[in-house]
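Participant: Structure below; questions to follow.
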Amino acid sequence: MRVLRSSVVAAVSAVAALTAVSGCAEKSDTEGSDAIKVTASDDACEVSKTSFPAGHVKLAVKNKGDKVTEVYVYAPGDRIVTERENIGPGTKVEIAAEIKAGSYEIACKPGMKGDGIRQKVTATGGGAPKKRDPELDKAVAEYRKYVLAQAEETIPAAQKFVDAVKKDDLDEAKKLYAPSRVGWERTEPVAESFGDIDPKVDVREDGLEKGQKWTGWHKLEKSLWDAKKITEDDKKLADQLMADLKDWQKRVGTADITPTSMANGAKELLDEVATGKVTGEEERYSHTDLVDFHANVEGAEKSYELLKPVAAKNDAALTKELDKQFAALKKLLDEYREGDGFKSYDTDTVGKDDRKKLSDAVNALAEPLSKLAAAVAK
Amino acid sequence: MPEETTAETTAETTAKSGAAPSRRSLLGWGGAGLALGAVAAGGTAAALRTGGDAQPAALSGDAVPFHGTHQAGIATAVQDRLHFAAFDVTTGDRAALIALLKEWTAAAALMTAGHEVGEGTAGTQPEAPPDDTGEALGLKPSRLTLTFGIGPGLFEKDGKDRFGLKSRRPKALIDLPVFPGDNLDAARSGGDLCVQACADDPQVAVHAIRNLARIGMGKVAIRWSQLGFGKTSSTTPDAQTPRNMLGFKDGTRNISGTDTEALARHVWVGEKDGPEWMVDGSYLVARRIRMHIETWDRTSLKEQEDIFGRDKVEGAPQGKQRERDEPNLKAMLPDAHVRLAHPDSNGGATILRRGYSFTDGTDGLGRLDAGLFFLAYQRDVRDGFVPVQTRLSRSDALNEYIQHVGSAVFAVPPGVRDKGDWWGKALFS
């Protein structure tokens, strides 16, 4: 997750800076300062000024409504510049951010749901931000929605799996294991970008650091398929998995997503397949690798489809090749479908020659996919 | 090599070196390269003949011309290292395959001249992976040759005429018969296409195959590949004869790369041989021959020498003093390797050998996974490898210590004539 990781590092340090700033700011007198006053209610989001100098910007938020609210500052394409959740009725908070010159939207979300009530604002002066193709902004916004939706869909699927584990229902838990992972696998580069969640939910035994307790899906996988029994500790781990996934769902919307990270994320999903799934290492006990494989490909294709209009303008030969190779890989995967899912990825059902074919098809797609970022960045 | 081709290669090099950093430009490349090119193509041989034991050191980093009547890497003075790759063609699209062969040819011309592929290691967009993987950057051309071959599967596979080429398959490109004692691994055998990369620097050879494989993804996939070291035969008569992993000199009587007459008789496809697209080409047989190193090492010197029919240190045929003394076959045991392999025992069958030793570590039982990666070029497989191997597989005393575990056969088309030509052009036209 090289590319996303680095952007996440940037995002994390930005958050750290913001925390520090807001920590100080909360003590100061916000009334009458140059802060932008945001008055939130259950059906309005009033902003004291819609134009302000770029740079260090403060938002003084007051929730006059009856519902808990949250406030976001969005850059074009619904990229989150800063946000504050859980602003209770009657409370005041201050939010600070470094905002470059350009157009933004401030959104209040009463009840912490939906797209929110939005106000267009402009940060003036300073160096104008690099103009980006509006189509790319659209792609990023759409992809952010996709990522959020995947996380949301994962929660009930994971809950069913967790419930089966807690009911000691081995067969049911086995059946629900792979489907509970699909949303995560589709958006893995973004999901993994939260460095603290990934090692808790998706680590394999050989990925543990010394002293690290093994938690998450793969520990349960080993219990279900290898030990063939569910221990009391497993039931606690199931609850822990649920809590961690909910944490992911809550935070995933804040991931720093750019057209380049989307393109590289698509390539990385194929890399995941090439290094973990094709070798059968990912799901070594359940052999449900093909379910993950398919989800990785779907996630990569989603990024690609969203970026394609721009990529096709810059490099039509590339998108033609990508269309061809996505189709070829999906067709090959279709050969392994069984019921709602996929065949077991063990050496009896998917032999050495089959794996070579799958590996070749992954390479055939991943190689041109590695050029997608350049095609959208042109 | 015709004058104008050489001139064109030089012009291309000059033009290119202005556009991209060149490994060759580090060398002060000049007349020496042209002389070597002439040697490699079988013309003026002076440069090599004046050499003592081995390739003159000053030339070992130089470039071998890519364009010519014959492909380089066959009669070319044997380099130290090998990376051989066999590919399956995974596309069914004839146009896509042709586009790939053109792209491969262009990349091969660049790499053999010591240049980077495409836009190189730098100079592309920062968001994109570099065109060239970069590990040969700063290295000399190292006499890299890339030799391209076509396997039977390109003409017909599983009963299907995949690219409309079935009728163009040369009669000399046979499916090899099964020889007694073969233990062939399908995962180390066959292939629709092959590229033999030879260089004096292993990193240069590996770089070349790696970049061609990368360019080919989606159209071709590597089926198997083999690294080789320690050339096991020489095509330069004055060079010291190299030794194989059994410790014996191998290839004392190999065809010399400068012996145009012998090459024309035994290696190059002639006009009467047909098909037309193969004239000036050759046929390649590749065999991975595993050696049972540990049991061989426990064999007495006398038995080892009897098995070969030559002495171990000097390489002299049995009953003779010097390596190059004319062998008396009858002085050897009837099942001696040299006696059975000699052209006189096989109706004159002669092949040009370009094999390399290999070792792929150990085999899990602690045995060295080592042997000979045998590469032989001939005018017709039916008159070359087949009669020799038929005899050897039945009777060779060496069979107790070796086993053939991989096998492939390829038609190696003539050389790429100029910039408008590409690997396989005559076949597809």
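The values are calculated or read from the model by the stated rules, or taken from the named source; none is laboratory data. From a predicted model like this one, the values you see are computed outputs, not experimental measurements. For neighbour counting, all protein chains shown are included, and Cβ atoms are generated from backbone atoms with ideal geometry for every residue, glycine included. Please note that ligands, DNA and RNA were not included when accessible areas were found on the heavy atoms of the full protein model with its side chains. Shrake-Rupley method; radii C 1.70, N 1.55, O 1.52, S 1.80 Å.
Participant: Condition (residue is within 24 Å of B:K425 (Cα to Cα), within 14 Å of chain A (Cβ to nearest Cβ) and open to solvent by less than 20 Å² (accessible area, probe 1.4 Å)) applied to segment B:172-184: is it met by at least one residue?
Facilitator: No, segment B:172-184 contains no residue that is within 24 Å of B:K425 (Cα to Cα), within 14 Å of chain A (Cβ to nearest Cβ) and open to solvent by less than 20 Å² (accessible area, probe 1.4 Å).
Participant: Sticking with this one: Which of the following residues is modelled with pLDDT of 70 or more, of a type in the set (K, R) and open to solvent by 50 Å² or more (accessible area, probe 1.4 Å): A:K27, A:K67?
Facilitator: A:K67
Participant: Looking at B:L368, B:L372 in this structure, which one is open to solvent by 50 Å² or more (accessible area, probe 1.4 Å), of a type in the set (A, V, I, L, M) and either within 29 Å of B:A187 (Cα to Cα) or modelled with pLDDT of 95 or more (or both)?
Facilitator: B:L368
Participant: Looking only at residues in segment A:308-329 that are of a type in the set (G, A, S) and within 11 Å of chain B (Cβ to nearest Cβ), which one is nearest to A:A263 (Cα to Cα)?
Facilitator: Ranking the candidates gives A:A317 first.
Participant: Would you be able to say whether some residue in segment B:171-180 is acidic (D, E), in contact with a helix residue (DSSP H, G or I) (Cβ under 9 Å, 6 or more places away or on another chain) and under 27 Å from B:R391 (Cα atoms)?
Facilitator: yes
Participant: Could you give every pair whose Cβ atoms fall below 9 Å, whose first residue belongs to segment A:256-276 and is in contact (Cβ under 8 Å) with a residue 24 or more places away in the chain and within 14 Å of chain B (Cβ to nearest Cβ), and whose second residue is part of a helix (DSSP H, G or I) and acidic (D, E), counting only separations of at least 6 or pairs across chains?
Facilitator: Listed by first residue and then by second, the contacts come to A:P259/A:D137; A:G265/A:E188; A:A266/A:E301; A:E268/A:E188; A:E268/A:E192.
Participant: Restricted to segment A:330-378, and to residues that are within 28 Å of A:S261 (Cα to Cα) and more than 10 Å from chain B (Cβ to nearest Cβ), which residue is most open to solvent (accessible area, probe 1.4 Å)?
Facilitator: Selected residue: A:K331.
Participant: How many residues are more than 17 Å from A:A158 (Cβ to Cβ) and part of a loop (DSSP other than H, G, I, E, B) when one looks only at segment A:210-228?
Facilitator: 6
Participant: The conditions are (1) over 27 Å from B:V416 (Cβ atoms); (2) modelled with pLDDT of 90 or more; (3) polar (S, T, N, Q); (4) within 14 Å of the chain's Cα centre (by Cα), and B:N244 fails exactly one of them. Which is it?
Facilitator: (4)
Participant: Moving on. Go through (1) touching a helix residue (DSSP H, G or I) at 6+ places or on another chain (Cβ under 6 Å); (2) free of Cβ contacts under 8 Å to residues at least 24 places away in the same chain and name the single condition A:P156 misses.
Facilitator: Among (1) touching a helix residue (DSSP H, G or I) at 6+ places or on another chain (Cβ under 6 Å); (2) free of Cβ contacts under 8 Å to residues at least 24 places away in the same chain, the lone unmet condition for A:P156 is (1).
Participant: Name the residue, out of B:D93, B:D88, that is within 14 Å of another protein chain (Cβ to nearest Cβ), in contact with a Lys or Arg (Cβ under 7 Å, 6 or more places away or on another chain), over 18 Å from B:D421 (Cβ atoms) and not small (G, A, S).
Facilitator: B:D88
Participant: Taking A:R84, is it buried (at least 17 other Cβ atoms within 10 Å of the Cβ) and not in a strand (DSSP E or B)?
Facilitator: Taking the combined requirement at face value, the residue does not satisfy it.
Participant: Any idea which of B:V117, B:V64, B:V78 is within 14 Å of another protein chain (Cβ to nearest Cβ) and crowded, with 24+ Cβ neighbours inside 10 Å?
Facilitator: The conditions single out B:V117.
Participant: Would you confirm whether any residue within segment B:259-271 is assigned to a strand (DSSP E or B) and either open to solvent by less than 10 Å² (accessible area, probe 1.4 Å) or in contact with a strand residue (DSSP E or B) (Cβ under 7 Å, 6 or more places away or on another chain) (or both)?
Facilitator: no
Participant: Filter segment B:202-227 for residues that are more than 14 Å from chain A (Cβ to nearest Cβ) and open to solvent by 10 Å² or more (accessible area, probe 1.4 Å) and give the result.
Facilitator: Answer for segment B:202-227, where residues must be more than 14 Å from chain A (Cβ to nearest Cβ) and open to solvent by 10 Å² or more (accessible area, probe 1.4 Å): B:P202, B:Q203, B:V206, B:L227.
Participant: Of the residues B:V388, B:V405, which is in contact (Cβ under 8 Å) with a residue 40 or more places away in the chain and either more than 22 Å from B:Q318 (Cα to Cα) or in contact with a Phe, Trp or Tyr (Cβ under 9 Å, 6 or more places away or on another chain) (or both)?
Facilitator: The unique qualifying residue is B:V405.
Participant: Of a type in the set (V, I, T), over 20 Å from B:D192 (Cα atoms) and away from every other protein chain (no Cβ under 14 Å), is that true of B:T133?
Facilitator: It is false that B:T133 is of a type in the set (V, I, T), over 20 Å from B:D192 (Cα atoms) and away from every other protein chain (no Cβ under 14 Å).
Participant: Return the residues of segment B:78-110 that are of a type in the set (G, A, S) and within 11 Å of the chain's Cα centre (by Cα); say none if nothing qualifies.
Facilitator: Correct list: B:A85 only.
Participant: Can you tell me which residue among A:K58, A:K113, A:K62 is more than 22 Å from A:L136 (Cβ to Cβ), in contact with a helix residue (DSSP H, G or I) (Cβ under 7 Å, 6 or more places away or on another chain) and open to solvent by 20 Å² or more (accessible area, probe 1.4 Å)?
Facilitator: Selected residue: A:K58, the only one of A:K58, A:K113, A:K62 that is more than 22 Å from A:L136 (Cβ to Cβ), in contact with a helix residue (DSSP H, G or I) (Cβ under 7 Å, 6 or more places away or on another chain) and open to solvent by 20 Å² or more (accessible area, probe 1.4 Å).
Participant: Take B:L427 and decide whether it is under 19 Å from B:D192 (Cα atoms), assigned to a helix (DSSP H, G or I) and open to solvent by less than 20 Å² (accessible area, probe 1.4 Å).
Facilitator: It is true that B:L427 is under 19 Å from B:D192 (Cα atoms), assigned to a helix (DSSP H, G or I) and open to solvent by less than 20 Å² (accessible area, probe 1.4 Å).
Participant: In segment B:192-229, how many are over 15 Å from the mean Cα position of the chain (by Cα), over 23 Å from B:L110 (Cα atoms) and not basic (K, R)?
Facilitator: Result for segment B:192-229: 2.
Participant: Right, another one. Between residues in segment A:212-239 that are more than 19 Å from A:K200 (Cβ to Cβ) and of a type in the set (V, I, T) and residues that are open to solvent by 30 Å² or more (accessible area, probe 1.4 Å) and modelled with pLDDT of 95 or more, which pairs lie under 8 Å by C-beta distance while being six or more apart or on different chains?
Facilitator: Pairs that qualify, where the first residue is more than 19 Å from A:K200 (Cβ to Cβ) and of a type in the set (V, I, T) and the partner is open to solvent by 30 Å² or more (accessible area, probe 1.4 Å) and modelled with pLDDT of 95 or more, are A:I230/A:D168; A:I230/A:L170.
Participant: Would you check which residues across segment B:120-153 are of a type in the set (V, I, T) and within 15 Å of the chain's Cα centre (by Cα) and list them?
Facilitator: B:T145, B:T147, B:I150, listed by residue number.
Participant: Also, I was wondering about something else. Identify the single condition in (1) surrounded by 21 or more Cβ atoms within 10 Å (Cβ to Cβ); (2) part of a loop (DSSP other than H, G, I, E, B) that A:P189 does not satisfy, given that it satisfies every other one.
Facilitator: The single condition A:P189 does not satisfy is (2).
Participant: Inspect all residues belonging to segment A:219-238 and state whether any of them is open to solvent by less than 70 Å² (accessible area, probe 1.4 Å), more than 14 Å from chain B (Cβ to nearest Cβ) and within 18 Å of the chain's Cα centre (by Cα).
Facilitator: No - not one qualifying residue is present in segment A:219-238.
Participant: Is it the case that segment B:185-198 has a residue that's in contact (Cβ under 8 Å) with a residue 40 or more places away in the chain, farther than 24 Å from A:K357 by Cα and more than 14 Å from chain A (Cβ to nearest Cβ)?
Facilitator: yes
Participant: So is A:Q212 surrounded by fewer than 21 Cβ atoms within 10 Å (Cβ to Cβ), of a type in the set (S, T, N, Q), closer than 25 Å to A:E281 by Cα and touching a Ser or Thr at 6+ places or on another chain (Cβ under 6 Å) or not?
Facilitator: no
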